[in-house]
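Written below as structure tokens is the structure these notes are about.
Nothing in this text is a laboratory measurement; each read-out follows from the coordinates by a stated rule. These figures come from a predicted structure and were not determined experimentally. Neighbour counts run over all protein chains shown; Cβ positions are idealised from the backbone, glycine included.
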């Protein structure tokens, strides 16, 4: 299952999606940390550490951060682990990796969620921060997540989803479709960064229903599948690989 329909005019066919994304993220990477900081009112780092604590991340765990971007999620994880050797970042964009290694000393692997070139049964904890909309196929990605996790290992996927009620949905759309791209253009003076934020909103609006995400996790082999919804706009999907 695709996370959303093909988004014309950004790309016309599914086979063009990953090439499009790498070009966009490579170009906008130098501006990403700034947007993620002021665009979320400097709350992102606190939120990430809080969600990992709530979901049982321990200091001795081996962790894979999928679609790690510029390392914002990985930085929060690294502050909770005993050693940087316990953390691996997986990211398809070279531009994003270039920014991430400036702040993190752990291993970085260039690769995608759908094809993780890492051995099976390797990690205790796998996370993905606000990038689920960029995978090619939900079931394919989740099968890969299940494969690389150890038996009993946990997956935590963070995302942003449209609120269900009318007023919050209106405010969400106003901010993410209109205000945030405009501010991005003003503060970064980068058309590439503004274009990235325009695309971000389109993926949020067209994303499949959360129940579909949960169903794909179950079909991939996970159990104890849950969704938590802080503030009505965040989606925290968690699940566990069955123990042998």
Exercise. Please list 222-228, 147-153, 67-73, 14-20 highest first by mean number of surrounding beta-carbon atoms within 10 Å per residue.
Key: 67-73, 147-153, 222-228, 14-20
Quiz prompt | Protection proxy ranking, peptides 195-202, 183-190, 210-217, average beta carbon neighbours within 10 Å, highest first | solution = 195-202, 210-217, 183-190
Quiz item: Between the stretch 105-145 and the stretch 67-98, how many Å separate their Cα centres?
Solution: 12 Å
Quiz item: If you take the Cα Rg of the chain and divide it by 2.2 N^0.38 Å, with N the number of residues, what do you get?
Solution: 0.95
Practice problem: Sum -39500 (n - 2.57) across every DSSP H segment of at least 4 residues in the chain, then divide by the residue count to get the 222 nm mean residue ellipticity, nearest 500. | Solution: -12500 deg cm²/dmol
Quiz item: What span do the alpha-carbon atoms of the stretch 85-163 cover on each of the three principal axes, reported in whole Å from largest to smallest?
Solution: 34, 31, 20
Quiz item: Restricting the count to DSSP beta bridges whose residues both fall in the stretch 96-244, what percent are antiparallel, rounded to a multiple of 5?
Solution: 65 percent
Exercise. Specify the inter-centroid distance of the stretch 1-43 and the stretch 148-202, based on alpha-carbon positions, in whole Å.
Key: 10 Å
Quiz prompt | the stretch 80-216: relative contact order as a whole-number percent, Cα under 8 Å and 6+ apart | solution = 19 percent
Practice problem: Over the chain, calculate the relative contact order: mean separation of alpha carbon pairs under 8 Å at least 6 apart, over the residue count, as a percent. | Solution: 20 percent
Exercise. Would you work out the relative contact order for the stretch 158-216, in percent, from Cα pairs under 8 angstrom that are 6 or more residues apart?
Key: 34 percent
Practice problem: Throw me the Rg/Rh for the stretch 132-244, computed over C-alpha atoms with Kirkwood Rh, two decimals. | Solution: 1.06
Quiz item: At a Förster distance of 30 Å, what's the computed FRET efficiency of residue 167 paired with residue 190, Cβ-Cβ distance as r, to 0.05?
Solution: 0.40
Self-check item: GNM flexibility winner over the chain from 180, 167, 126 (Cα, springs under 10 Å)
Solution: 167
Quiz item: What translational D, rounded to a whole number of µm²/s, comes out for the stretch 31-98 from Stokes-Einstein when the hydrodynamic radius is the Kirkwood one over Cα pairs, at 37 °C and 0.692 mPa s?
Solution: 262 µm²/s
